[in-house]
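Everything on this sheet refers to the single structure shown next.
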Amino acid sequence: MGMTMTQKILAAHAGLDRVEAGQLIEADLDLVLGNDITSPVAIKEMDKMKADGVFDKDKIALVPDHFVPNKDIKSAEHCKCVREFAYRNEITNYFEVGEMGIEHALLPERGLTVAGDVIIGADSHTCTYGALGAFSTGVGSTDMAAGMATGKAWFKVPSAIRFNMIGKPDKWVSGKDVILHIIGMIGVDGALYKSMEFVGEGIRNLTMDDRFTIANMAIEAGGKNGIFPVDELAEAYMKEHSTKTWTVYEADEDAVYDEEYTIDLGALRPTIAFPHLPENTKTIDEIKEEISIDQVVIGSCTNGRLDDLRTAAEVFKGRHVAKGMRCIVIPATQAIYMQAMEEGLLKTFIEAGAIVSTPTCGPCLGGYMGILAAGERCVSTTNRNFVGRMGHVDSEIYLASPAVAAASAVTGRISCPCQLS
């Protein structure tokens with residue numbers, strides 16, 4: 001009986017020839033990640049452990065991104081705690097305002113996440129790095145503390161679901177539509193503690209930004225991680241961004257999967273997740289009523305990358321945000337912000353009546369830069385639409401791709417670019 005990609009990576013990091021689903025292992029870590037919300041808790045836990053520093057100052061990344069630039073005194077205190085810990089332990093990969101970005105876009109860009117790595121992060125969307133063929137997963141702050149102190153973590157080896165991608169997506173269909181379709185199909189607990197392994201000839205028709213988006217939202221289906229095989233595109237990305245070496249793992253032909261699904265990318269349509277769960281999906285063709293909205297957010301660790309901004313700018317070009325609409329665009333990193341500026345994308349956004357923010361998670365978690373009042377509706381390219389996620393408990397969030405979000409900002413209601421004149 002063979003092993004999946006995830007199982008092979010975990011076996012190698014546990015020093016074992018093989019592992020099986022359900023087996024408990026202790027694995028060596030290549031990277032431990034924390035942000036300004038989760039790191040202070042982990043730092044306090046390390047103090048309780050009386051840990052003598054960190055296991056490796058080069059294998060820890062601390063990225064203040066949720067409430068930065070600091071929105072209030074409490075967030076400033078959190079960031080100060082992280083900053084002082086980073087300086088005290090000489091953490092190599094600490095990213096201050098001005099060089100930071102949204103963590104899950106920043107770390108691949110900086111070459112800190114590569115194929116074959118085992119990565120934990122005290123943030124649920126750490127599963128993003130599976131797009132590069134790494135095993136990456138979110139953990140609690142206590143596990144982060146243990147990881148920073150010892151360089152190891154305990155795992156129960158996950159079983160897997162195989163998603164076979166075929167075909168080529170149409171013009172306005174992106175990775176966001178793919179993962180929303182999958183979550184709508186299997187539900188928010190459809191992959192509970194399982195590895196979501198994406199394979200098939202259709203993957204070659206998905207950009208790296210598409211893959212990051214799909215892996216990012218594996219957690220929204222309950223997945224332990226999402227992971228893609230390493231092809232020429234992934235290797236090209238790592239060669240461009242990383243100075244680290246990487247290891248490519250491939251699933252055995254006789255690897256065991258709990259379930260297998262075939263996803264025809266060519267048959268997918270722009271997909272929107274209605275309140276209040278990511279599984280509550282409808283395609284643009286299934287929406288018969290007019291749903292007016294108050295705000296649009298284009299950004300986050302899910303959809304704040306360059307391809308996302310280019311798509312949104314293509315929709316906005318020569319058009320204007322609807323009267324009374326608030327549209328917030330958030331490039332995910334400083335490098336993305338700079339490239340968007342050089343390409344004229346920021347000019348397009350501003351001329352269209354949108355605002356452009358410095359990199360921040362801000363509105364995604366109801367932090368700041370776009371809080372919703374009672375009764376307001378928002379189309380957002382973020383990853384969660386739970387009750388009260390972006391503000392008042394009586395507000396509503398509709399998850400969508402950058403293309404749908406931009407078109408909706410133009411019309412003032414949920415729309416697709418194909419519906420614009």
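Values in this text are rule-based calculations from the coordinates and carry no lab data. Note that the coordinates shown come from a computational prediction; the quantities given were computed from them, not determined experimentally. Note: ideal-geometry Cβ built from the backbone for every residue, glycine included; neighbour counts use all protein chains shown.
Converting phi to 3J(HN,Hα) with the Karplus coefficients 6.51, -1.76 and 1.60 and the offset θ = phi - 60°, segment 19-28 yields 9, 10, 4, x, 6, 8, 9, 10, 10, 6 Hz in sequence order, with x at every glycine or proline. Rounded to the nearest 20, the Cβ-based charge dipole of the chain about its Cα centre (Lys and Arg +1, Asp and Glu -1) stands at 1040 debye. Full extension of the chain between I371 and L420 yields a length gain of 14.9 nm, computed as 0.36 nm times the residue separation minus the alpha carbon distance.
Close amide H partners of L372, meaning residues 5 or more places away or on another chain with modelled amide H under 5 Å apart, are G391, H392.
Put simply, the amide H of T281, placed in the peptide plane, has neighbours under 5 Å in F274, leaving out anything fewer than 5 places away on its chain. Amide H contacts under 5 Å for T207: none, restricted to partners 5 or more places along the chain or on a different chain, H placed in the peptide plane at 1.01 Å from N.
Among rounded, prolate and oblate, which fits the chain when a ≥ b ≥ c are the square roots of the eigenvalues of its C-alpha gyration tensor, a/c under 1.5 means rounded, and a/b larger than b/c means prolate? Don't jump to the answer; show the numbers that get you there.
Values: a/c = 1.75, a/b = 1.24, b/c = 1.42.
Oblate, since a/c reaches 1.5 and b/c is not below a/b.
Working from label points 7 Å from Cα in the Cα-to-Cβ sense, the E342 to I166 distance is 4.1 nm.
Of the peptides 386-399, 229-242, 360-373, 298-311, the order by per-residue mean of other Cβ atoms within 10 Å, starting with the highest, comes out as 298-311, 360-373, 386-399, 229-242. In terms of packing, defined here as the mean over residues of other Cβ atoms within 10 angstrom, the peptides 184-192, 214-222, 409-417, 130-138 line up highest first as 130-138, 214-222, 409-417, 184-192.
Our coupling estimate for segment 98-104, obtained by passing each phi through the Karplus curve with A = 6.51, B = -1.76, C = 1.60 and θ = phi - 60°, is x, 10, 7, x, 5, 3, 7 Hz, Gly and Pro reported as x.
Within the listed set R110, R319, R88, the residue fluctuating most in the Gaussian network model of the chain (springs between alpha-carbon atoms under 10 angstrom) is R88.
Our coupling estimate for segment 387-397, obtained by passing each phi through the Karplus curve with A = 6.51, B = -1.76, C = 1.60 and θ = phi - 60°, is 4, x, 4, 10, x, 4, 5, 9, 8, 10, 10 Hz, Gly and Pro reported as x. Using a cutoff of 8 angstrom between alpha carbon atoms and counting only pairs six or more residues apart, the relative contact order for the chain works out to 17 percent. For a paramagnetic label modelled on E240 (point 7 Å from Cα along Cα→Cβ), amide N atoms under 11 Å away are absent within segment 165-185.
Test of understanding: what is the full-extension gain from E96 to E351, defined as 0.36 nm times their sequence separation minus their Cα-Cα distance? It would help to have the intermediate numbers written out before the result.
Numbers: separation 255, 0.36 × 255 = 91.80 nm, distance 3.02 nm.
Roughly 88.8 nm would be gained on extension.
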